[in-house]
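A short worksheet on the structure shown next.
Just so you know, all these numbers are worked out from the coordinates, no wet-lab data involved. Nothing here was measured: the structure is a model prediction, and the numbers come from that model. Methodologically, a virtual Cβ is constructed for each residue, glycine included, from the backbone with ideal geometry; neighbour enumeration extends over all protein chains shown.
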């Protein structure tokens, strides 16, 4: 059976490159492309592709939000995340949200076709290093970093704190009340066993944490 794929990425050259990578696979056809999160949802509804090849850094609605929407509305569509974000930042969150695999863009030229085939066969595509990360989710791992305990929203706020954004600006960016942001900030401090915003900023900078853009 031929797998119909919807490619979602905001860079035209990346989409073109992905189409080229898939062109020689007789069992895979690119059904269409989307350049932002809202277009991805619209085209998924229209086309009902077998698989969505999804970047998580998208304008409008980010890929993690698109993934959650697809799982809620069209769970039969498989999602394979292909992104520039390193595994340590978002892979576990994507898999927990329903993605069937996670590939970084620097490995796409070697892994893309086999990843699509494995996902379409009912499996999950993950690297050896990601398998280690997932194993740490199942038990106590002394190397597990504090920010990996945060919820998606808490992680977003930590990243924005790391960028030097104040509470008012964070509330505006995430469309939250100031009191909600303060509540999340207090939870983050407790979970990460820290006492001040300056400690959170230093931690985010030291660990190169970044928000999906």
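A few comments on the model shown:
- Efficiency of FRET between residue 32 and residue 205 - r from beta-carbon atoms, R0 30 angstrom, step 0.05: 0.15
- Whole-Å distance, taken between Cα centres, linking segment 183-213 and segment 1-44: 36
- For the chain, adding -39500 (n - 2.57) for each run of n ≥ 4 DSSP H residues and dividing by the number of residues yields -15500 deg cm²/dmol at 222 nm.
- Estimated D of segment 1-84 in µm² per second, where Rh is the Kirkwood radius over Cα pairs and Stokes-Einstein applies at 4 °C, 1.567 mPa s: 104
- The equivalent ellipsoid of segment 146-206 has semi-axes of 17, 12, 10 Å, largest first, where each one is the square root of 5 times an eigenvalue of the Cα gyration tensor.
- Across segment 85-205, Cα-Cα pairs more than 25 Å apart make up 36 percent of the total.
- Taking every DSSP beta bridge that has both ends in the chain, the antiparallel portion is near 0%.
- Convex hull projection area averaged over all views, the chain, Cα basis, nm²: 12.2
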